[in-house]
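The structure appears right after this line, and notes come after that.
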Amino acid sequence: MNISYRWLRELAPGLAGDADEVAERLAALGAPADSKTAIGAALTDIRVARVLEAGRHPNADRLWLCAVDAGGGETLRVVCGAPNVRSGGYYPFAPVGAELPGGMKIRRAKIRGEVSEGMLCSARELELGHDHAGILELNGIYEPGVPFAEAAGLDDTRLELDVTADRPDLLSHLGVARELVGVDGVSLPAVPGFERAILDEVELDSGEAVAEAGGVRVEIEDPAACMRFLGAVVEGVRVAPSPAWLAMRLRAVGLRPINNVVDVTNYVTHELGRPMHAYDLDRLDGARIGVRWARRGERLVTLDGVERELEEGMLVIADAARAVGLAGVMGGEATEVGDDTANVLLELAHFDPKAVRATRRAAGLSTDASYRFERGVDPDEAERALRRALAMIRAVAGGRVHPRVADAHPTKPEPIEVAIRTARAERVLGVPLTTERLRELLEPIGLRLLGGDAAISTYRVPGHRRGDLVREVDLIEEVARHAGYDAFPEERRPTRPSAVPDAPLSVLEGRLRQRWAGRGFLEARTAAFAPEGQGDVELLNPLSSDESRLRRSLLPGLAGRVRYNQARGRRDVRLFEIGTAFAPAASGDHKPRETTRLAAVATGGVRPPHWGSETPDWDLWDARGFLDDMARALDLPARAVPRSEVEPRSDIEASLGGGLLEPDATFRLRTEDGFIAGVAGLVRAGAADAPPWSAPWVALEVILPGEPDLSDRRRLAPIPAHPAIERDLALIAPASSPASAVEGEIRKAASGLLVGLRLFDVYEGPGIQPGERSLAFRLRFQAADRTLTDAEVDAEVERVLDRLEEELDVRQRT
């Protein structure tokens, strides 16, 4: 959000401090300025000049030769290529020796035989806009030679505020001024050329879904998509360039002036935060305008000159015959206000944020209006914004404002009332508070005290804060922000240790962090927001169109951080993250399902390089080891199995891995009841998008239990005093039988004397029949109270062999 410091000062005359101090205060209130730009700093060499004469260049058809008064008492000759130069006009002028914002220095030059002693500048050359078709003409009367920045009101500072999605009230100069000085310190300045800031004469003709006034019928088809629609008529306007003060205000926030009527709508949007649109009334079919859903096959040419095919889910503004604009996004070219416009219909509406978002996304464009509507506009500001715009149009374009305004208002928002307990605020903030102190901090931001006592107070929330002040803790946050976080004491105060144990899941997360950090992995924190292809849960109020969903998996975000590191030359990367993934709500529920997960990605060397030996890269079996280790860490009765053995039974299980893993190089962690608790394997080369020198990526993602059992099942036992006996078994197994299945049957067959089991060889080749393979296991037997005999171990081995042959058709290799 671009904010003009001078504009703020006009709205809040009592505002103290320069632009830097204001930026610091806003940062303390939660709206930091990402940048501060001294708008006129690069224009110090530019002056205002008056063109005394303008005629065709004698040696060039497309050039003009001008006599220019730039102050100093002499007339300069300037060659100009812009067609809009005229005698008597005022323009920004760069004299010989001046430097333009882009760094170009002006020199005395001969152009087609005529000497040019300076340059008349366009908006683009001054970096004030993109218009290069003509010189930037200044409206009004000026003293030639005065600094251009001062004359155009550009000796100003532009603050680019970082406004969070829950604070749409800060998307206007009025909202920022209220935040700095409170509602009582803000007033709208009078409109130059008009005796009052607000036009008071008009009255509203209200109806539910249909209203009519000024000969125009206003209609709302779906009250859920449009809660209010105001239409005001202004007859006999004179469309022309905006006066200097209006054009200056728009340039200060980075906008290009268009004409006086359109500029008024942009001005009010940035001043009060209420987008509006002006239509050429004579171009509307049937003197009717309304809000409806688009029809299949409709087409609309928007103001950017693009012809768009409308979809049925798009919300449009329409007259009696056709769509004339995208509701809350952009108007149509067929009804735009132009030089020949005489009668204007001014529209101000309150659209549903979700409908505007769907329309904007389907159209593939974003505008100042859609940005505000998607975050929510103040329903209580509509009438004031309309009256303000009508007063400004009358001041800058003349005309007669029709005394009645059509107001279709089918839905009226219910007031929001929130209670705050004094004792609760004290406990949360850790400082003593009183009801009166709470009132001192809350009333300046527009909250109205409805009643209460020393223990609890109830406040009514103003319209501009309806979106974020809905709970008691929201009011407590406002108390902290406006008291000033730096006002809270820094000393450590007495505390009472809680008797409530930590949540088991938090304890488990802490243990896992230690475990993975001990392996040399660094913890990453990625945002839960994801693009449409990586999430199924749509955000109601996304920060950007590229992150409109909640992620279904942690791995894509983690993979992005690996790519970030590799783009900076890092080959060895080890990252892990503990976070939340989201799935659509279950049937009958309105909240999305959440699962806490651990994900890890590793690429490069398994250990630091050493001159004495080669360092191997991570491979598939390391990923398998990750799964086994997580099963032990979570104390899960689970085992890692190849992907081919088990398929997911739910969308949550299917989301593991985020679609990044190679299907034929993936293991799954399956519990005894068949639930897939995790996956690990190699990341597909296409999904990794890694540079040619990158090693393979291995990745893991595991679902953590919602209520883990943290009871310690470890038992201390003395070191065995009796020796162990080891036996090696070479087995012939079908190639389709996984080694993990064979291992599982061995453990089931053996008694408690089996204390160790390890696969140490796999062989396929000469001596082994096709479709079979040899698996060699080492079994370790030991008793705590005696030395085992060969007969006892032989019996154990025979029992194992019998079970393997019976269950898996596995026999001993001879």
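The values are calculated or read from the model by the stated rules, or taken from the named source; none is laboratory data. Just so it is clear, the structure is predicted and the values come from calculations on it, not from any experiment. FYI the Cβ positions are ideal-geometry reconstructions off the backbone, even for glycines, and counts take in every protein chain you see. Each accessible area value is taken on the protein alone, full model and side chains, heavy atoms only, with ligands, DNA and RNA left out. Shrake-Rupley method; radii C 1.70, N 1.55, O 1.52, S 1.80 Å.
For the reader, a short list of remarks on this structure follows.
- Rounded to two decimals, the Cα radius of gyration of the range 190-282 over 2.2 N^0.38 Å is 1.24.
- Which of E336, E764, E772 is most accessible, then next, and so on - probe 1.4 Å: E764, E336, E772
- Positive dipole terminus of the range 389-501, leading residue within V401, A419, V500 (C-beta point charges): V401
- Relative packing of peptides 42-53, 735-746 - highest average C-beta neighbours within 10 Å first: 42-53, 735-746
- Each label point was placed 7 Å from the Cα along the Cα-to-Cβ direction; for S35 and E10 their separation is 2.4 nm.
- Spin-label model distance (nm) - D285 vs A342, 7 Å beyond Cα toward Cβ: 2.3 nm
- The range 37-165: C-alpha pair distances exceeding 26 Å, %: 20 percent
- Here the accessible area is traced with a 1.4 Å probe on the protein chains. For the range 324-431, carbon and sulfur cover 45 percent of it.
- Highest-first arrangement of 191-203, 166-178, 207-219, where packing means the average Cβ count within 10 Å: 166-178, 207-219, 191-203
- Kirkwood Rh in Å, taken over the range 754-814 so that all alpha-carbon pairs contribute: 13.4 Å
- Solvent-accessible surface of the chain, averaged per residue with a 1.4 angstrom probe and all protein chains in place: 48 square angstrom.
- For the range 603-683, carbon and sulfur atoms together expose 53% of the accessible surface, with a 1.4 angstrom probe and every protein chain in place.
- Average 1/r across all pairs of distinct alpha carbons in the range 320-474, invert it, and you get the Kirkwood radius: 19.2 Å.
- Eigen-decomposition of the gyration tensor built on the alpha-carbon atoms of the range 479-556 gives equivalent ellipsoid semi-axes of 33, 25, 14 angstrom, largest listed first.
- Alpha carbon Rg of the range 385-483, scaled by the compact-globule rule 2.2 N^0.38 Å: 1.53
- Within the chain, all pairs of alpha-carbon atoms sorted by distance into 10 Å bins from zero give the percentages 2, 10, 15, 17, 16, 13, 10, 8, 5, 3, 1, 0, 0.
- A Stokes-Einstein calculation at 20 °C with viscosity 1.002 mPa s, built on the Kirkwood radius of the range 94-230 over Cα pairs, returns a diffusion coefficient of 102 µm²/s.
- Modelled FRET efficiency - R0 25 Å, R448 with D536, Cβ distances, 0.05 increments: 0.05
- Descending semi-axes in Å of the range 388-439, equivalent ellipsoid built from Cα gyration tensor: 48, 18, 8
- Estimated from helical segments only, the mean residue ellipticity of the chain at 222 nm is -7000 deg cm²/dmol, where each DSSP H run of four or more residues counts as -39500 (n - 2.57).
- Degrees between helix 19-28 axis and first principal axis of the chain (Cα, 0 to 90, nearest 10): 40 degrees
- Heavy-atom SASA rank of W611, W618 (probe 1.4 Å, accessible area, largest first): W611, W618
- Taking the C-alpha atoms only, the angle from helix 504-518 to the longest principal axis of the chain is near 80 degrees.
- Nearest 10 degrees, 0 to 90: helix 620-633 Cα axis against the chain principal axis: 80 degrees
- Plainly put, the range 749-789 has a radius of gyration that is 1.19 times its Kirkwood radius, both from alpha-carbon atoms, as the Rg/Rh ratio.
- Peptides 348-359, 571-582, 97-108 ranked from most to least packed by the mean count of surrounding Cβ atoms within 10 Å: 348-359, 571-582, 97-108.
- Taken over the Cα atoms of the range 614-675, the convex hull encloses 99 Å³ per residue.
- Our estimate of slack between R811 and I416, defined as 0.36 nm per intervening residue step minus the Cα-Cα distance, is 134.6 nm.
- With the simple spin-label model, which puts each label point 7 Å out from Cα in the Cβ direction, the A27 to R632 separation comes to 4.9 nm.
- Working from Cα pairs under 8 Å separated by at least six residues, relative contact order for the chain is 8 percent.
- Counted over all Cα-Cα pairs of the range 673-794, pairs farther apart than 18 Å make up 72 percent.
- Projected area averaged over orientations for the range 246-296, convex hull of C-alpha atoms, nm²: 5.3 nm²
- Dipole magnitude of the chain, debye to nearest 20 (Cβ charges: Lys/Arg +1, Asp/Glu -1, about Cα centre): 1180 debye
- Principal semi-axes of the equivalent ellipsoid, √(5λ) from the alpha carbon gyration tensor of the range 353-392, are 24, 12, 6 Å from largest down.
- Calculated FRET efficiency for the pair A487/R107, C-beta based, R₀ 45 Å, to 0.05: 0.20
- Proportion of all alpha-carbon pairs of the range 251-333 beyond 22 Å (%): 30 percent
- Rolling a 1.4 angstrom probe over the range 32-168 with all protein chains present gives an accessible area of which 45% lies on carbon and sulfur atoms.
- If you wrap the tightest convex hull around every Cα atom of the range 304-380 and split its volume per residue, you get 119 Å³.
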